[in-house]
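Student: Below is one structure. I have some questions about it.
The values are calculated or read from the model by the stated rules, or taken from the named source; none is laboratory data. Predicted model only: the values in this text are computed from it and were never measured. Cβ sites come from the backbone with ideal geometry, for glycine too, and all protein chains shown count toward neighbours. Accessible surface areas use protein heavy atoms only, side chains included; no ligands, DNA or RNA. Shrake-Rupley method; radii C 1.70, N 1.55, O 1.52, S 1.80 Å.
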Amino acid sequence: MEEKISQIQKEYLEEIQKAQSLKELDGIFLELFGKNGVVNKLSEEFPKVPKEERPKIGPLFNQIKSGLEKEIEDKREKIREAGYQKLDEEKLDFSKSTQIKPRKGRLHPVTKLEKEIVNLFTKLGFSQFSAPHIDSEEYNFELLNIPKGHPARDLWDTLYIDTHNLKATPGELLLRTHTSNAQVWIMRELKPPVRMMIIDRCFRYENLDARHEHTLDQFEIVYIDKGVSMANLQYLSEYFFKGILGADIKARLRPKYYPFVEPGAGVDGLCIFCKGKGCKVCGGMGWLELAGAGMIHPKVLENGGIDPSVYSGIAWGVGPERMAMLKYGVEDIRLFKSGDLKLYESI
Ligand code: DAH
């Protein structure tokens with residue numbers, strides 16, 4: 001037995017010396033001290049040891065057992081230290097990081113265009129106004145001469161807010177479908193003459209396609225004064241299209257129905273691709289509809305506390321994303337909110 005113990009000691013001391021990694025040492029430890037390990041097996045043999053040898057074998061066994069444990073622990077420490085030293089010797093070369101070209105940030109193409117639009121109208125004395133994104137049916141529809149049940153509401157289907165925790169009647173609050181909700185807010189807050197612009201987010205319950213998004217921007221102007229007429233509308237439309245799409249773009253007004261204007265107009269811009277000849281983009285018409293507009297309906301002026309027999313006004317709404325599609329040749333409106341850096345960097 002004594003010889004067997006010494007043999008085990010010799011064998012495992014060598015193995016510990018040879019070990020190169022902590023993983024190897026863990027293996028040796030298990031072989032020795034695991035449940036079915038060599039040390040346990042040996043202790044099972046004790047009862048067979050003759051009585052007279054036991055006083056010698058017991059202490060020898062314990063001594064060798066703790067000796068091997070210590071050897072393993074010492075070797076572990078050595079390996080760890082060698083690892084730290086290697087890390088110390090490794091130098092990080094920070095000079096290499098300067099070779100990575102920093103990416104330049106830029107404005108989103110629609111933001112860029114919107115800044116241009118705001119600049120253009122600031123020059124004419126228009127100021128920016130903002131109205132709630134979550135608004136009431138009243139401001140989004142009723143005060144704009146679109147009563148409940150009016151078929152025109154189908155044009156602006158939207159998302160309603162769950163009001164059960166709010167002080168509001170069910171169905172009263174909605175995500176505004178257009179910046180036109182700002183019209184009566186403006187009139188109730190300011191006295192004419194009024195020159196206001198709103199450029200902001202709107203929401204619709206839409207069937208999405210290349211030209212329709214559920215979340216979209218609109219640009220709206222509200223101009224109210226004595227003697228404002230359709231002539232101002234024609235002038236501002238052309239000023240806008242020329243300023244954004246190029247000096248050779250004309251504007252034309254075409255009769256169109258919107259409940260909050262009388263008369264109402266679709267505002268077309270000369271097609272920037274064919275310059276009026278007719279092409280695929282404009283469907284052969286030579287013109288593209290870019291905005292909705294008109295003379296503010298007398299009822300809407302009254303709802304805003306303005307006397308329609310003294311003042312008149314024009315209002316006008318356009319989708320900057322649609323204009324950005326034309327200006328930058330982007331075929332799908334959904335790309336603007338896709339986060340696709342390739343598109344943003346190419347513009
Ligand atoms: N709000 C309309 C829409 O979202 C656009 C519009 C039409 C705005 C006529 C106006 C207007 O100010 O006068 O489709």
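Student: Suppose the filter is within 16 Å of the ligand (Cβ to nearest atom) and either within 22 Å of VAL110 (Cβ to Cβ) or assigned by TED's automatic domain parsing to the domain that holds PRO255 (or both); does GLY329 pass it? Can you show your working first?
Tutor: Numbers: within 16 Å of the ligand (Cβ to nearest atom): no; either within 22 Å of VAL110 (Cβ to Cβ) or assigned by TED's automatic domain parsing to the domain that holds PRO255 (or both): yes.
In short, no.
Student: Does at least one position in region 203-216 carry a residue that is open to solvent by 10 Å² or more (accessible area, probe 1.4 Å), modelled with pLDDT of 95 or more and within 18 Å of TYR311 (Cα to Cα)?
Tutor: No, that holds for no residue.
Student: Take the conditions among the basic types (Lys, Arg), surrounded by fewer than 16 Cβ atoms within 10 Å (Cβ to Cβ) and within 16 Å of the ligand (Cβ to nearest atom) and apply them to ARG254. Does it pass?
Tutor: Yes, satisfied.
Student: While we're on this one: For region 168-184: of the residues being hydroxyl-bearing (Ser, Thr, Tyr) and surrounded by 14 or more Cβ atoms within 10 Å (Cβ to Cβ), which is nearest to the ligand (Cβ to nearest atom)?
Tutor: Step one: filter region 168-184 for residues hydroxyl-bearing (Ser, Thr, Tyr), giving 169, 177, 179-180.
Retained after the next criterion (residues that are surrounded by 14 or more Cβ atoms within 10 Å (Cβ to Cβ)): 177, 179-180.
Values: THR177: 6, THR179: 7, SER180: 4 Å.
Looking at the filtered set, the residue picked out is SER180.
Student: Please find, among GLY264, GLY292, the residue that is within 16 Å of the ligand (Cβ to nearest atom), under 24 Å from THR215 (Cα atoms) and either open to solvent by 10 Å² or more (accessible area, probe 1.4 Å) or touching a Ser or Thr at 6+ places or on another chain (Cβ under 7 Å) (or both).
Tutor: From the options GLY264, GLY292, the qualifying one is GLY292.
Student: Tally the residues that are open to solvent by less than 20 Å² (accessible area, probe 1.4 Å) and over 33 Å from the mean Cα position of the chain (by Cα), restricting the search to region 271-285.
Tutor: Count: 1.
Student: For region 229-238, does any single residue satisfy the condition of being in contact (Cβ under 8 Å) with a residue 12 or more places away in the chain and closer than 30 Å to LEU159 by Cβ? Lay out the reasoning, then the answer.
Tutor: First pass over region 229-238, keeping only residues in contact (Cβ under 8 Å) with a residue 12 or more places away in the chain: 229-230, 232-234, 236-238.
With closer than 30 Å to LEU159 by Cβ added as a condition, the list becomes none.
Checking region 229-238: not a single residue is in contact (Cβ under 8 Å) with a residue 12 or more places away in the chain and closer than 30 Å to LEU159 by Cβ.
Student: Can you find a residue that is within 25 Å of the chain's Cα centre (by Cα), open to solvent by less than 70 Å² (accessible area, probe 1.4 Å), more than 13 Å from the ligand (Cβ to nearest atom) and within 23 Å of HIS214 (Cβ to Cβ) anywhere in region 146-157? Walk me through it before giving the result.
Tutor: As a first pass, look at region 146-157 and keep what is within 25 Å of the chain's Cα centre (by Cα): 156-157.
From the residues that got through so far, the ones that are open to solvent by less than 70 Å² (accessible area, probe 1.4 Å) too are 156.
Those still in the list that are more than 13 Å from the ligand (Cβ to nearest atom) too: none.
No; the residues of region 146-157 include none that is within 25 Å of the chain's Cα centre (by Cα), open to solvent by less than 70 Å² (accessible area, probe 1.4 Å), more than 13 Å from the ligand (Cβ to nearest atom) and within 23 Å of HIS214 (Cβ to Cβ).
Matching residues to (1) polar (S, T, N, Q); (2) modelled with pLDDT under 95:
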{"residue": "TYR139", "(1), (2)": "no, no"}
{"residue": "HIS150", "(1), (2)": "no, yes"}
{"residue": "THR177", "(1), (2)": "yes, no"}
{"residue": "GLN183", "(1), (2)": "yes, no"}
{"residue": "ARG188", "(1), (2)": "no, no"}
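Student: Quick one: is ILE221 open to solvent by less than 10 Å² (accessible area, probe 1.4 Å), more than 13 Å from the ligand (Cβ to nearest atom) and either aliphatic (A, V, I, L, M) or in contact with a strand residue (DSSP E or B) (Cβ under 8 Å, 6 or more places away or on another chain) (or both)?
Tutor: no
Student: Kindly list, by first and then second residue, each pair from a residue in region 256-270 that is assigned by TED's automatic domain parsing to the domain that holds LEU290 and over 17 Å from SER312 (Cα atoms) to a residue that is modelled with pLDDT of 95 or more and open to solvent by 20 Å² or more (accessible area, probe 1.4 Å), limited to pairs with Cβ atoms under 7 Å and residues at least 6 apart or on different chains.
Tutor: GLY266/ARG254; GLY266/LYS256; VAL267/LEU253; ASP268/ARG252; ASP268/ARG254
Student: Then there is this: Checking the conditions here, which among ILE249, ILE198 is within 15 Å of the ligand (Cβ to nearest atom) and among the β-branched types (Val, Ile, Thr)? Can you show your working first?
Tutor: Values: ILE249 fails: within 15 Å of the ligand (Cβ to nearest atom).
So the residue among ILE249, ILE198 that is within 15 Å of the ligand (Cβ to nearest atom) and among the β-branched types (Val, Ile, Thr) is ILE198.
Student: When you check ASN165 against the structure, is it of a type in the set (S, T, N, Q) and open to solvent by 80 Å² or more (accessible area, probe 1.4 Å), yes or no?
Tutor: yes
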